[in-house]
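Everything below concerns the one structure shown next.
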Amino acid sequence: MKKGFFITFEGIEGSGKSTQMELLAAHLSKKGCFVVTTREPGGTRIGNEIRRILLNPKFEEMDFRAEALLYAASRAQHVCEVIKPALDAGKVVISDRYVDSSLAYQVFGRGLLWEEIEKVNRWATGGLKPDLTILLYIPAEEGLSRATESAADRIERESVEFHHRVQEGYKELARRFPERYSVVDATGSAESIHRRILQAVESRLPVL
Ligand code: TYD
């Protein structure tokens, strides 16, 4: 039985997810919550090995289905080893990316079928869904220019059109799941974005 609260952060590259996750985690810890922060792909020993394969630019030949399955495999391990036990223990779990990344990148970016990716991920996660998804929204060009300031990984090397499709995918996800989505303007200072996120979280998380 799930007792905790599951928050996911989503958004295109360079939307500032990791900074904002840390700020939110610090705020919630101060309020007395037990918080676990984690990320995908990764979050476990096995997941981190899978992450190395997924992001390594040398694997140019990776088939889109193999890619989708590797993300789902990392996620299955992540749910079983980290997310579910923490939720069962009543903690707040904040994950940098989750199933919606596969819907945005593998479905809208790569062109795989929604029904298939949704089904594989439902199986991989045992149907575990976030209670709240914060979509950090930033124009694709701005995000990409921030992200590629460091060495680009296999996905970041994709075309601007690919990242525009991913962005459209996220808009569609927010339209389909309004009950758990909160779209936050991710332009401006880190402090102002943090305040917007707190407003979104405060209305849903009872302890705040
Ligand atoms: P990461 O360095 O964590 O990027 P970011 O800081 O933008 O989150 O790399 C994760 C990359 O993998 C990112 O480009 C998005 C992509 N991705 C997918 O394509 N599908 C997925 O299911 C997940 C979790 C990530």
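The values are calculated or read from the model by the stated rules, or taken from the named source; none is laboratory data. Remember, it's a predicted structure, so these values are computed and weren't measured experimentally. No Cβ is skipped: glycine too gets one built from the backbone with ideal geometry, and neighbour counts run over all protein chains shown. We work out accessible area using only protein heavy atoms, side chains counted, and drop any ligands, DNA or RNA first. Shrake-Rupley method; radii C 1.70, N 1.55, O 1.52, S 1.80 Å.
Quick notes on this one:
- Being within 25 Å of ALA200 (Cα to Cα), open to solvent by less than 70 Å² (accessible area, probe 1.4 Å) and not in a helix (DSSP H, G or I) is true of LEU136.
- Within the range 11-22, residues that are within 8 Å of the ligand (Cβ to nearest atom) have Cβ atoms under 6 Å from residues that are charged (D, E, K, R) and part of a loop (DSSP other than H, G, I, E, B) in these pairs: GLU13/GLU156, counting only partners at least 6 apart in sequence or on another chain.
- Among the residues of the range 76-106, those that are within 16 Å of the ligand (Cβ to nearest atom) and in a strand (DSSP E or B) comprise VAL93, ILE94, SER95, ASP96.
- Residue in the range 122-131 that is without any contact (Cβ under 8 Å) to a residue 60 or more places away in the chain, in contact with a helix residue (DSSP H, G or I) (Cβ under 6 Å, 6 or more places away or on another chain) and surrounded by 15 or more Cβ atoms within 10 Å (Cβ to Cβ) present: yes
- Top-ranked residue in the range 24-59 [being without any contact (Cβ under 8 Å) to a residue 24 or more places away in the chain and either hydroxyl-bearing (Ser, Thr, Tyr) or part of a loop (DSSP other than H, G, I, E, B) (or both); ranked as farthest from the ligand (Cβ to nearest atom)]: SER29
Here is a yes/no grid of residues against (1) over 17 Å from VAL92 (Cβ atoms); (2) in contact with a Lys or Arg (Cβ under 9 Å, 6 or more places away or on another chain); (3) at pLDDT below 95; (4) of a type in the set (Asp, Glu):
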| residue | (1), (2), (3), (4) |
| --- | --- |
| GLN167 | yes, no, no, no |
| ARG175 | yes, no, no, no |
| TYR181 | yes, yes, no, no |
| SER192 | yes, no, no, no |
| ARG196 | yes, no, no, no |
| VAL207 | no, yes, yes, no |
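- Test for GLY111: is it more than 14 Å from the ligand (Cβ to nearest atom), over 24 Å from GLN20 (Cα atoms) and either open to solvent by 10 Å² or more (accessible area, probe 1.4 Å) or of a type outside the set (S, T, N, Q) (or both): no
- In the condition set (1) farther than 28 Å from ILE197 by Cβ; (2) open to solvent by 60 Å² or more (accessible area, probe 1.4 Å), ARG39 is compliant with all but (1).
- Taking the numbered list (1) in contact (Cβ under 8 Å) with a residue 12 or more places away in the chain; (2) open to solvent by 60 Å² or more (accessible area, probe 1.4 Å) in turn, SER74 passes all entries but (2).
- Within the range 24-80, if we keep just the residues that are in contact with a strand residue (DSSP E or B) (Cβ under 8 Å, 6 or more places away or on another chain) and among the β-branched types (Val, Ile, Thr), the residue that is farthest from PRO206 (Cα to Cα) turns out to be THR38.
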